[in-house]
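Any read-out appearing in this document is the output of simple, stated calculations on the displayed coordinates, not a laboratory observation. Keep in mind the model is a prediction, meaning the values are calculated, not measured. Backbone-built Cβ (ideal geometry, glycine too); neighbour counts: all protein chains shown.
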């Protein structure tokens, strides 16, 4: 069709960042005209994040670690040349993503001028700074600034995801298996790929779960990735209550985690990827922050309450506690998190009564 365009977006490499990129994808999608195509370029392990949405017309997988030759740098660049890309919006800051767009023949290459890649861009932004230091800014806004530079109008900062029928059916099966249908299901997300510094102590989760299910209306479901299976299994075993269950025996997938969170009443979570699923599905959450600055991870979830210990050394942004005491998480009490969770549950109850 004459006059149509091919737009490519290189997606971030982290699950949570892909969720925070969805307002950018939606703004682009809304700004396209009939016949335009939006192509997403992404790592294979984050592709499931966008399953169930209709942002993209095509997905191209790109991974230097893949055994599939089609996902290697030069082959992906060749695919872009074949598609005659009119505009490439580069959400990651890497030199490789800019080189990919340049070698892929994109007419416009839009991204941040970082890591020496400015020469490869046709349109660039400098990250916001004050006195030579980076200003904390949400990834949502960081990506939307590029979208505005590319000429698209931003109408919302709300993150948005979808689920597939198969994943929804799997979530319902779990609800049936654990007899959760008449309960307020509180999902615990205890892990985080960033590092151990983000982890709240396992014993605290155990005590929190034990106290939450003293209310017979509540149930706790512990989700996990492959590396957290033993942790959630240990919490489930230690609590030893029919209303505290884990997904340790399930096959962990991003799609199933999304569906489970979508069906939950509340999520209690670390600052990690699944936290942003709650924002995308409008699920109330309690987010536990320690070594990281919440301003970088703001996902505009109006139903999220953030809790922290307020340690003087926080936020250090380190993967492991450099002082070895981990006070930013250990000093955050079970009482504090429980009270915040109860605030969320009470608010939901009052809203349901008023409806």
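Axis of helix 139-149 versus longest Cα principal axis of the chain: the two differ by about 20°, to the nearest ten degrees. Sorted fewest first by neighbouring Cβ atoms within 10 angstrom, 268, 254 come out as 254, 268. Extension gain, residue 74 to residue 54, is 4.4 nm, computed as 0.36 nm per intervening residue step minus the present C-alpha separation. Using Cα centres only, tell me the gap between region 212-249 and region 117-189 in whole Å. Computed from Cα coordinates, the inter-centre distance equals 27 Å.
Axis angle, to the nearest 10 degrees, between helix 22-31 and the longest C-alpha principal axis of the chain: 40 degrees. One Cα centroid belongs to region 49-88, the other to region 253-279; the line between them spans 27 Å.
Mean separation of Cα pairs under 8 Å and 6 or more residues apart, divided by the residue count, gives region 121-247 a relative contact order of 19 percent. In this rough spin-label picture, where each label sits 7 Å from Cα along the Cβ direction, the residue 215-residue 149 distance is 4.6 nm. Packing-based ranking of 331-342, 277-288, 115-126 yields 277-288, 331-342, 115-126, ordered from highest to lowest mean Cβ neighbour count within 10 Å. In percent, rounded to a whole number, the relative contact order of the chain is 15, using alpha-carbon pairs under 8 Å and six or more apart. Compared with the dominant principal axis of the Cα atoms in the chain, helix 165-178 is inclined by about 10°. With the cut-off at 1.5 for a/c, could you classify region 6-149 from its C-alpha gyration tensor as rounded, prolate or oblate? Verdict is rounded for region 6-149. Extending 7 Å from the Cα toward the beta-carbon at both residue 164 and residue 241 defines two label points whose distance is 3.5 nm.
Counting beta carbons within 10 Å around each of 148, 236, 312 and listing the fewest first gives the order 312, 148, 236.
Counting only the backbone N, which residues of region 318-339 are under 18 Å from the spot 7 Å out from the Cα of residue 203 toward its beta-carbon? In region 318-339, the label zone of residue 203 (backbone N under 18 Å from the point 7 Å along Cα→Cβ) covers 324-338. Taking every DSSP helix (H) stretch of at least 4 residues in the chain, weighting each as -39,500 (n - 2.57) and dividing the sum by the residue count yields a mean residue ellipticity at 222 nm of -10500 deg cm²/dmol. Using R0 = 45 Å, the C-beta based FRET efficiency linking residue 94 and residue 333 works out to 0.65.
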